[in-house]
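Trainee: Got a structure for you, questions after.
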Amino acid sequence: MKKVMIVIGCLLGLLLLVILTVPYWLDLNRYREQYIPIVEQALNRKIEISHIRAMWYPQIGLHIEGAKIFDDPSITHAPFVEVPSIEVAIKWKPLLQRRIEIHSLTLDQPRIMLVRGEEDTLNTATLGQGTPKSSDASTTEESPESVFAMLGVEQLTISNGTLRYEDHSQEHDHWYQLENIEMKTESVRVGATAQFSVHGTLIPSQLPVSLEGIVGPLQPNLDIPKIEMRVQLGQSGLNAKGHIREGMLALDLSSSKIASDDLPFSIRLDRPVFMTQFFAHLQAPVRETDTLTLVQTDLQCDPLQFQLEMGESILTVSGRALGRNLKIHATTPVLHSQDIPISLPLHRPVSMHTIDVHATVDETLIHIDALTGTLFDGHVTAHGTWNMRSEVPAFQSTGTFEHIKIEEVQQILQPTPVTVQGTGEMNWDLKGTVPEKQPPHLFGRAHLAIANGQLQGFDLLKHIERVLKLKGLLSTGQGVTRFAHFHSDVDFRNEQFPIKSAQVQGRDDTFLMQGSGMIMRDRSMHITGDLRLGTTISKKIIQHMPIAKMALEHGSLAVPFTVNGYITEPAVGLDFGAIQRRLQKQVGSSMKKILEGSPKEMEELLHQGKDLFKHLFGK
């Protein structure tokens, strides 16, 4: 008996030794020609496995090394999934019932590449399309459970993973990369409430990212009674609560504060902007395919509410979205220029009041459907677009500006020794681009009109006195030029701004200036035109310079003028020598008629030029 027990013990020891050594002498790599084609057909992808072996202790399972799943060959021949090491642990008891249940799945240093192509299609779109589809109704009914059959594991662990996303569907390529991914899930199976946590670092913004939550209990029909998640980007958090019922996702998103510095995409701002009291209710159909697919084109967001905090300025925003189209309405009692997060070419702060904006956002294209507000005590009405699809943002704007205090505008934009005072109106139709750290490139037209104003710091009549050396004849010594009307058309051609049809009419018809010219981006200017003096002023000049009478046109003197220099220091020139040149031309013409004409014509010309010849010859 004792010998029998020894033999049985030896056999049991031998059997245990065989079981423990099975992973070492059972070479699963010999059967790769049988199982790899099956997996490739299921995934519709070429795969590679460097080494695979069975595990029997401490749990039954597989250890896979050097696993690669290659991308769609129409996109690239590189692998879109690479995993140096995979361990799959299988439960013992379900095996006795001819069922496979995964206890744990561990992926070490996986690298996943997601690519959106030029046709706006992800490289995963054709994944699994090689799997034959059965028309059997029973198969169709079991397909939702197959989703959790693939994901049904007690524990899923990803260590030191990398997920890279490249977008080639836009004009300029974009990419994001999530590194140092640590992921753990538990109880992802039908009837259980799954728990998950994901942590990583978003590149290139170096933002710490985390996602934690619970989902479940998971149902065979893909309904999820409870969804609770929290996403953390840097210092900004977002909570999500909702469910999936009868193929419809309903989700409430809320956040106390989201900072622009924590967003995963680049926004060129000089200072951070905060989105507070954020709330959004999302609804979207969920398509039951091999995986849960959200139908983005049918995504609805209503309502959408938040406050946009920029320094001391707060905009209240509400709206709704359908697919990629977002309509918003924003209001604020006051917006201070110093709170706007982009650099503005202003020399002192300014505030805009009672702002009301209706806009439509289509991804990176913003349509300003209507904008109204009060600025410089005037009323602004405008609409336009802001396009951020290219590297250099572009815009288009059309609008009117009524009852503007011109002096305030000038002091804020470009203070000069000569200031314009008065109430004006302006309308414009402009387009252009806004390069980084450069002045905007503008193209289009604008019209400016000012009524009952004055030029402070420039006295036109005194300037005429100085040119003619007739001190005290015309000016009242107030150092201003008063005008009844001013209007001008300006073209915008990036570096050049042609001035067309500029006209200034003095009060009480004292003068009329008409001209045109050019202002350059460096603020240099050259404008030419004619100054027509009123009847009263013309008579005063003729009393001291009778020779000027011959230059009268309709009872007034006309003098060419130029404006040169810079906007900050304009230099006005009056060419009274033109009167003398015009007079000499008239004398030459008259002398020619005298020499060629009849005695009667000579007598008439001598009578008309009596005063002229007195000044020419002194008698």
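Trainee: Let me confirm something: among 504, 490, which residue is part of a strand (DSSP E or B) and under 20 Å from residue 441 (Cα atoms)?
Mentor: Being part of a strand (DSSP E or B) and under 20 Å from residue 441 (Cα atoms) holds for just one of 504, 490, which is 490.
Trainee: In addition: Would you call residue 65 under 15 Å from residue 114 (Cα atoms) and free of Cβ contacts under 8 Å to residues at least 40 places away in the same chain?
Mentor: No.
Trainee: Mind checking which strands (runs of 3 or more DSSP E) fall wholly inside region 32-112 and carry at least 2 residues that are surrounded by 13 or more Cβ atoms within 10 Å (Cβ to Cβ) and of a type in the set (Gly, Ala, Ser)?
Mentor: Once the strands (runs of 3 or more DSSP E) in region 32-112 are filtered for at least 2 residues that are surrounded by 13 or more Cβ atoms within 10 Å (Cβ to Cβ) and of a type in the set (Gly, Ala, Ser), what remains is 60-70, 79-90.
Trainee: Which one is modelled with the highest pLDDT among residues in region 533-558 that are within 60 Å of the chain's Cα centre (by Cα) and open to solvent by 80 Å² or more (accessible area, probe 1.4 Å)?
Mentor: 536
Trainee: Continuing with this model, one more query. Does residue 156 fit the bill of being closer than 21 Å to residue 104 by Cβ, buried (at least 18 other Cβ atoms within 10 Å of the Cβ) and hydrophobic (A, V, I, L, M, F, W, C)?
Mentor: Yes: the conditions hold for residue 156.
Trainee: For region 183-196, which positions are assigned to a strand (DSSP E or B), at pLDDT 85 or above and either of a type in the set (A, V, I, L, M, F, W, C) or open to solvent by less than 80 Å² (accessible area, probe 1.4 Å) (or both)?
Mentor: Listed by number, the residues that qualify are 183, 185, 194, 196.
Trainee: Go through region 381-437 and give me each residue that's polar (S, T, N, Q), touching a helix residue (DSSP H, G or I) at 6+ places or on another chain (Cβ under 6 Å) and open to solvent by less than 30 Å² (accessible area, probe 1.4 Å).
Mentor: Of everything in region 381-437, just one residue is polar (S, T, N, Q), touching a helix residue (DSSP H, G or I) at 6+ places or on another chain (Cβ under 6 Å) and open to solvent by less than 30 Å² (accessible area, probe 1.4 Å), namely 419.
Trainee: If residue 459 satisfies all but one of (1) open to solvent by less than 40 Å² (accessible area, probe 1.4 Å); (2) of a type in the set (Asp, Glu); (3) closer than 22 Å to residue 334 by Cα, what's the number of the condition it fails?
Mentor: It is condition (3) that residue 459 fails.
Trainee: Looking only at region 197-223, which residues are at pLDDT 90 or above and in contact with a Leu (Cβ under 9 Å, 6 or more places away or on another chain)?
Mentor: Within region 197-223, 197, 198, 199, 200, 201, 208, 209, 210 meet the criteria.
Trainee: Something else now. In this structure, is residue 216 small (Gly, Ala, Ser) and buried (at least 17 other Cβ atoms within 10 Å of the Cβ)?
Mentor: In short, yes.
Trainee: Turning to a different aspect of this structure: In region 522-532, which residues are open to solvent by less than 60 Å² (accessible area, probe 1.4 Å) and either touching a residue at least 40 places away in the same chain (Cβ under 8 Å) or under 36 Å from the mean Cα position of the chain (by Cα) (or both)?
Mentor: Selection gives 524, 525, 531.
The values are calculated or read from the model by the stated rules, or taken from the named source; none is laboratory data. Everything quoted here is computed from the prediction, not taken from an experiment. A quick note on method: Cβ atoms are made from the backbone with ideal geometry, for glycine too, and the neighbour counts reach across all protein chains shown. Note: areas computed on protein heavy atoms with side chains; ligands, DNA, RNA excluded. Shrake-Rupley method; radii C 1.70, N 1.55, O 1.52, S 1.80 Å.
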